[in-house]
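See structure below.
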Amino acid sequence: MADGSSVPQQQLIRDFGKSRAKALKDVKAGLPMRRRAGMPKYKKKHAADPSLNYTRRGFRIRDGRLHLAGGIDLTVVWSRDLPSDPSSVRIYRDGLDHWYASFVVSAEAHPLPETGAVIGIDWGVKETATTTSDAHDLPHAAHGWKAAAGLARYQRMMARRKPAQGKPGSRGYRTAKKLTVKLYKKVARQRQDTARKWAESAVRDHDALAVEDFRPKFLAKSTMARKAADAAISATKHELIDMARKHRRALYLVHPSHTTMDCGRCGARAKHALPLSERTYTCTACGPVSPRDKNSALVMLVRAGLDPAGADRGRPAGPPGRQAV
């Protein structure tokens, strides 16, 4: 420990204390498990990639080079110019032994001209995002499915060359492992690129967005777990939120309860939940038939108060006949 700088070591202790204090606060407040912050976990040295956090007094940038506390001088390949002076930097290594420097800077907003349009977005598995605008639907890209054959091949190579416990892997094992990590990283970047391009298109063409506040954890325990993970719904939602914040667009997170049972036109609620195999929604009150996900996207607009025909209308207590009684 004496060989390294004290700055990242002290920051590690501060992060640990802050995380533990937040977890104990949630336990004392009696929050349900799904809303609690977990206790900090220790990283195993052989299983975790290193990362170091440097505060403002632990680094400086001069003549395009990064100088870290402890006499470390780095030549950095800059992806873009920093918009302002960074307040901290995190140095970390990925599975391919590539080192990165991630700076924390003040974000600059870039407002876009108003368009007068609004959009409702519903998340799904058959299509990653179904919207009220057909031109902005996001189909399932299936990047993971396309890379499945290559991934299976590299994993078989690793299995054949797996070293005995306590012994280092052979050169062939390390090569197969590197190819596996490289393919995983490629798929992750493809998903991020698809999500960012779609989010930018949706935010550029609409002033307000009503988005389903969907948490797809339960899909991990279903038969659609692999396809749901390949859709990267959570990552796409975060990219959309970040893009809306960057361009100062109004974004409303709508609670997902009963969105597949309510009618987006009259607000009537079906008596029974639709099974996932039923892809068409038929309203028994007003009679229109529409695709299930399109109706859910329209419900997002109504609940957010963005639909001109439904902004002043709440969901009725029941079917018209029951109201009359």
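Assorted remarks:
- Treating each Cα of the range 195-239 as an identical point scatterer and summing with the Debye formula, the log10 of I(q)/I(0) at q = 0.25 Å⁻¹ comes to -0.91.
- The calculated FRET efficiency for the pair GLU127 and ALA250, based on their C-beta separation and a Förster distance of 22 Å, comes to about 0.35.
- When you restrict to C-alpha pairs under 8 Å that are six or more residues apart and normalise by the size of the range 98-243, the relative contact order lands at 32 percent.
- Ranked by how many other beta carbons lie within 10 Å on average, peptides 203-215, 155-167, 138-150, 17-29 from highest: 203-215, 138-150, 17-29, 155-167
- Take the chain with all the other protein chains still there, run a 1.4 Å probe, and you get 66 Å² of accessible area per residue.
- The calculated pair-distance distribution of the chain uses every alpha carbon pair, bins of 20 angstrom beginning at 0, and gives 22, 49, 25, 3, 0 percent.
- Each part reduced to its alpha carbon centroid, the range 186-264 and the range 57-71 end up 38 Å apart.
- In the chain, the DSSP-assigned H stretches of four residues or longer account for a calculated mean residue ellipticity at 222 nm of -11500 deg cm²/dmol, using -39500 (n - 2.57) per stretch and the full residue count as denominator.
- Under 5 Å from the amide H of HIS140 lie the amide H atoms of THR128, each residue being 5 or more positions distant or on a separate chain, with H modelled from the backbone and absent for Pro and chain starts.
- 3J(HN,Hα) along the range 113-121: x, 6, 10, x, 10, 10, 8, x, 10 Hz, from the Karplus curve 6.51 cos²θ - 1.76 cosθ + 1.60 with θ = phi - 60°, whole Hz, x for Gly and Pro.
- Degrees, to the nearest 10: 148-160 long Cα axis against longest axis of the chain: 40
- With contacts taken as Cα pairs under 8 Å and at least 6 residues apart, the chain reaches a relative contact order of 14 percent.
- Taking the protein heavy atoms of the chain in the context of the full set of protein chains, the accessible area attributed to carbon and sulfur is 54 percent at 1.4 Å.
- Unit Cα scatterers, Debye sum, the range 176-287: log10 I(q)/I(0) for q = 0.11 Å⁻¹: -0.52
The values are calculated or read from the model by the stated rules, or taken from the named source; none is laboratory data. Predicted model only: the values in this text are computed from it and were never measured. In this analysis, Cβ positions are derived from the backbone assuming ideal geometry, glycine residues included, and neighbour counts consider all displayed protein chains. Side chains are part of the model used for accessible areas, which takes the heavy atoms of the whole protein and leaves out ligands, DNA and RNA. Shrake-Rupley method; radii C 1.70, N 1.55, O 1.52, S 1.80 Å.
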